[in-house]
Amino acid sequence: MKLGWFSELNSELWPGVALSLEVEEVLHSERSSFQDILVVKTFTHGKALMLDGVIQCTEKDEMSYHEMISYLPLCSHPKPKNVLIVGGGDGGVAREVTKHPDVERVTLVDIDDRVIEVCKQYLPRLSLGLNNPYVNIIVGDGFEFLNHHQGEFDVIITDSSDPIGPAENLFKHAYYQLLKSALKPGGLIASQAGTAWSNLDQVCSTFQHCKAVFPVATYAVTSVPTYPTGQIGFILGSLTEQTNFAEPVKVFSDKDLDRMSLMYYNDKIHRAAFALPRFVEKALNA
Ligand code: AAT
């Protein structure tokens, strides 16, 4: 029996366009204190997690997002020992970060304990990152958490939902100031920053917040077929003027990449992620 299709409709962030997935079974649906949580089994993309009607990840293509948001910053830092993840309650970023040989300590702060529990139950391929003993999980608002932490982290990765809903504050200028002061000297950040195809204004404003605070700021893209427009980008910022994000300081061999079970990331795709279309370059530099 066919249940029908899930469509990512009506977001102000991608007007006039919606991705759809054919659903085999609804596995879980609830309203948490922060958002609607839905887990479905699809016919073609494995299981998928939606929050407030927005696709957060599917098992088929999550690796492109999780590997890139993790290794673009980690491989741009000479020794990323202490890492903070803001958001990321599904565990995908924690799974990747803990594979990096230099990482010693990971803290994950997600606002919604129900996302964490639901992902542990239904998405074990992602949530295995949450069961790693090196990952300290805190339930709370990322903005509030950073307000109380200074000079602690080598790398901060913001794997947050989009700027409409509980993550709204994570796209503001004040958040970038908090990120800066929570870093150790030489620290750097990467944040989920939307797609230039349908929300170029949002990408540019997040980039400007980062640029106003960090001496080095840039934008990189990856392809995620089940995200709006099939592409998503990351804003990266560094406290060190010499950082060239487009040239990884750590290059993994093919043997390393196999041992770490990476399916998307390598040093070539790292460099390529920073090659931007002209309309994006122009908008960012305007
Ligand atoms: N790993 C890809 C999935 C996400 S999930 C984003 C996470 O951010 C969710 O678990 C949500 O609970 C958490 N979150 C939202 N707001 C906050 C906050 N203020 N503090 C801490 N955590 C928060 C990213 C999907 C990207 C979708 C692109 N369209």
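Pull up segment 76-112, narrow it to residues that are hydroxyl-bearing (Ser, Thr, Tyr) and within 16 Å of the ligand (Cβ to nearest atom), then point me to the one that is surrounded by the fewest Cβ atoms within 10 Å (Cβ to Cβ).
Restricting attention to segment 76-112, the residues satisfying the condition of being hydroxyl-bearing (Ser, Thr, Tyr) are 76, 98, 107.
Those still in the list that are within 16 Å of the ligand (Cβ to nearest atom) too: 98, 107.
Numbers: 98: 18, 107: 20.
Among those that are hydroxyl-bearing (Ser, Thr, Tyr) and within 16 Å of the ligand (Cβ to nearest atom), it is 98.
Kindly establish whether residue 182 is touching an Asp or Glu at 6+ places or on another chain (Cβ under 8 Å) and touching a residue at least 60 places away in the same chain (Cβ under 8 Å). If you could, list the steps in order and put the result at the bottom.
Values: touching an Asp or Glu at 6+ places or on another chain (Cβ under 8 Å): yes; touching a residue at least 60 places away in the same chain (Cβ under 8 Å): yes.
Criteria met by residue 182.
List every residue pair whose Cβ atoms lie under 6 Å apart, where the two residues are 6 or more positions apart in sequence or sit on different chains, the first residue falls within segment 206-218 and is surrounded by fewer than 21 Cβ atoms within 10 Å (Cβ to Cβ), and the second residue, located anywhere, is of a type outside the set (Val, Ile, Thr).
211/217; 213/176; 213/177; 213/180; 215/241; 216/238
When residue 65 is evaluated against the numbered criteria (1) within 11 Å of the ligand (Cβ to nearest atom); (2) open to solvent by 10 Å² or more (accessible area, probe 1.4 Å); (3) on the phi < 0 side of the Ramachandran plot; (4) touching a Gly at 6+ places or on another chain (Cβ under 9 Å), which criterion, by number, is the only one it fails?
Going through the list (1) within 11 Å of the ligand (Cβ to nearest atom); (2) open to solvent by 10 Å² or more (accessible area, probe 1.4 Å); (3) on the phi < 0 side of the Ramachandran plot; (4) touching a Gly at 6+ places or on another chain (Cβ under 9 Å), residue 65 breaks only (2).
For segment 115-164, what are the residues that are open to solvent by less than 50 Å² (accessible area, probe 1.4 Å), more than 8 Å from the ligand (Cβ to nearest atom) and among the β-branched types (Val, Ile, Thr)?
The answer is 118, 135, 155, 156, 157, 158.
Based on what the data block shows, is residue 21 more than 11 Å from the ligand (Cβ to nearest atom) and at pLDDT 95 or above? Don't jump to the end; show me each part of the working.
Values: more than 11 Å from the ligand (Cβ to nearest atom): yes; at pLDDT 95 or above: yes.
Judged against the criteria, residue 21 is a match.
From the list 54, 39, exactly one residue is in contact (Cβ under 8 Å) with a residue 40 or more places away in the chain, over 24 Å from residue 268 (Cα atoms), within 13 Å of the ligand (Cβ to nearest atom) and touching an Asp or Glu at 6+ places or on another chain (Cβ under 7 Å). Which is it?
54
Would you be able to say whether some residue in segment 254-271 is open to solvent by 20 Å² or more (accessible area, probe 1.4 Å), touching a His at 6+ places or on another chain (Cβ under 8 Å) and in contact (Cβ under 8 Å) with a residue 12 or more places away in the chain?
no
Exactly one of (1) free of Cβ contacts under 8 Å to residues at least 60 places away in the same chain; (2) closer than 18 Å to residue 153 by Cα; (3) open to solvent by 20 Å² or more (accessible area, probe 1.4 Å) is unmet by residue 221. Its number?
Unmet condition: (2).
Given the conditions (1) surrounded by fewer than 18 Cβ atoms within 10 Å (Cβ to Cβ); (2) assigned to a helix (DSSP H, G or I); (3) among the aromatic types (Phe, Trp, Tyr), report the number of the one that residue 274 does not fulfil.
Unmet for residue 274, out of (1) surrounded by fewer than 18 Cβ atoms within 10 Å (Cβ to Cβ); (2) assigned to a helix (DSSP H, G or I); (3) among the aromatic types (Phe, Trp, Tyr): (2).
Just to be sure before I move on: is residue 10 polar (S, T, N, Q) and closer than 25 Å to residue 168 by Cβ in the structure I sent? Walk me through how you get there before you give the answer.
Values: polar (S, T, N, Q): yes; closer than 25 Å to residue 168 by Cβ: yes.
Yes: the conditions hold for residue 10.
Any residue in segment 146-170 that is without any contact (Cβ under 8 Å) to a residue 60 or more places away in the chain sitting within a Cβ distance under 8 Å of a residue that is assigned to a loop (DSSP other than H, G, I, E, B)? List the pairs, counting only those 6 or more apart or interchain.
Short answer, once both residue conditions are applied: 169/141.
The values are calculated or read from the model by the stated rules, or taken from the named source; none is laboratory data. The structure presented is a predicted model; accordingly, all values stated were derived computationally and were not measured. Glycine gets a Cβ as well: all are built from the backbone with ideal geometry, and neighbour counts include every protein chain shown. Surface areas here come from the heavy atoms of the whole protein model, side chains and all, with no ligands, DNA or RNA. Shrake-Rupley method; radii C 1.70, N 1.55, O 1.52, S 1.80 Å.
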